[in-house]
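A.B. asks: Please find one structure pasted underneath; my questions will follow.
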Amino acid sequence: MEVTGHLRSKLAQEALKLDPNCVDAYVILADDADTDEEAMLLSKKGMEIGEKELGKAFIKENKGHFWGMLETRPYTRAKAAYADALRQLGDTLVAIHEFEQLLELNPNDNQGICYILFGAYLEEGKFEAAERLLKQYEVGTANGLYNKLLLELYKNGFSANAAKLLKEAKKANPHVIPFLTDKNSIPMFLPKGIVLGDESEAIIYADEHFQLWEKIEGLQKWLKKQ
């Protein structure tokens, strides 16, 4: 799993020869798949194998603290990969259901599911669900403050409250706006780590959320005016 390049897929194939039920091998192959459709099928197969090996009774009994049990991680990785592939294919509502199940299994959200789910909620106009998610997972961080602003813009447009929220977000990290206004380009190679309030945090945020921001008509003009 730590290998990069073509060798990664080769090793995953070898792992499946040793153990046809190696869930993480399917996760790796899905990640390296040529198409979203292929990624969806591979991750789904891995998820179904993982669910069968754990058993429905085990999943039900241990819901709420999954990530703390190492044997659950291949299944949760496969489920997250499956949900992400569904979203890429445009099947957002089904993807939302899978993401919500992952948070039920692991409320601590070690996989960062809440960030992806927030975007999916906005895309489907599920603003109340997006607001609940922000309150639960993103209080006070730059990521949370910019997403709070994003939610306001989706709901109410360029309101007075949006201007207020923008000021709060900029205080937490002023480096985000240049990436959203195309003044700065998101680099090809992303930072390996994040420092709060630093440009590294801004790059990661912009890379993960840019598509949501660019859907807002008139955003560039409003941001520059503010």
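A.B. asks: Give the residues of region 159-189 that are surrounded by fewer than 18 Cβ atoms within 10 Å (Cβ to Cβ) and in a loop (DSSP other than H, G, I, E, B), sorted by residue number.
C.D. replies: 159, 174, 181, 182, 183, 184, 185, 186, 187, 188, 189 - these are the residues of region 159-189 that are surrounded by fewer than 18 Cβ atoms within 10 Å (Cβ to Cβ) and in a loop (DSSP other than H, G, I, E, B).
A.B. asks: Residue under question is residue 27, and the condition is that it be open to solvent by 30 Å² or more (accessible area, probe 1.4 Å) and either at pLDDT below 95 or assigned to a helix (DSSP H, G or I) (or both); does it hold?
C.D. replies: Criteria not met by residue 27.
A.B. asks: State whether the residues of region 68-77 include one that is under 21 Å from residue 33 (Cα atoms) and modelled with pLDDT under 95.
C.D. replies: No, region 68-77 has no match at all.
A.B. asks: So, one more: When you check residue 149 against the structure, is it at pLDDT below 95 and open to solvent by less than 20 Å² (accessible area, probe 1.4 Å), yes or no?
C.D. replies: No.
A.B. asks: Filter region 117-127 down to the residues that are free of Cβ contacts under 8 Å to residues at least 40 places away in the same chain and either touching a Phe, Trp or Tyr at 6+ places or on another chain (Cβ under 9 Å) or closer than 17 Å to residue 40 by Cα (or both) and list them by number.
C.D. replies: Passing the criteria: 117, 118, 120, 121, 125, 127.
A.B. asks: Still on this model: Among the residues of region 193-214, count how many are open to solvent by 70 Å² or more (accessible area, probe 1.4 Å) and either on the phi > 0 side of the Ramachandran plot or under 18 Å from the mean Cα position of the chain (by Cα) (or both).
C.D. replies: Qualifying residue count for the region: 5.
A.B. asks: Suppose we filter 57, 39, 78 for residues that are open to solvent by less than 70 Å² (accessible area, probe 1.4 Å), more than 18 Å from residue 111 (Cα to Cα) and either among the acidic types (Asp, Glu) or part of a helix (DSSP H, G or I) (or both); which single one remains?
C.D. replies: 39
A.B. asks: Here is a further query. Pairs under 7 Å by beta carbon, first residue in contact (Cβ under 8 Å) with a residue 40 or more places away in the chain and under 24 Å from residue 29 (Cβ atoms) in region 57-78, partner in a helix (DSSP H, G or I) and small (Gly, Ala, Ser), six or more apart or different chains?
C.D. replies: Short answer, once both residue conditions are applied: 74/50; 75/50; 78/43; 78/46; 78/50.
A.B. asks: Looking at residue 73 and the list (1) farther than 17 Å from residue 117 by Cβ; (2) in a loop (DSSP other than H, G, I, E, B); (3) open to solvent by less than 70 Å² (accessible area, probe 1.4 Å), which single condition is not satisfied?
C.D. replies: Result: residue 73 passes all but (2).
A.B. asks: Pull up region 93-108, narrow it to residues that are touching a helix residue (DSSP H, G or I) at 6+ places or on another chain (Cβ under 6 Å) and surrounded by fewer than 18 Cβ atoms within 10 Å (Cβ to Cβ), then point me to the one that is farthest from residue 41 (Cα to Cα).
C.D. replies: 103
The values are calculated or read from the model by the stated rules, or taken from the named source; none is laboratory data. If you're wondering where the values come from, they're calculated on a predicted model, not measured in any experiment. Neighbour counts are summed over all protein chains in view; Cβ atoms, including those assigned to glycine, are modelled from backbone coordinates with ideal geometry. Side chains are part of the model used for accessible areas, which takes the heavy atoms of the whole protein and leaves out ligands, DNA and RNA. Shrake-Rupley method; radii C 1.70, N 1.55, O 1.52, S 1.80 Å.
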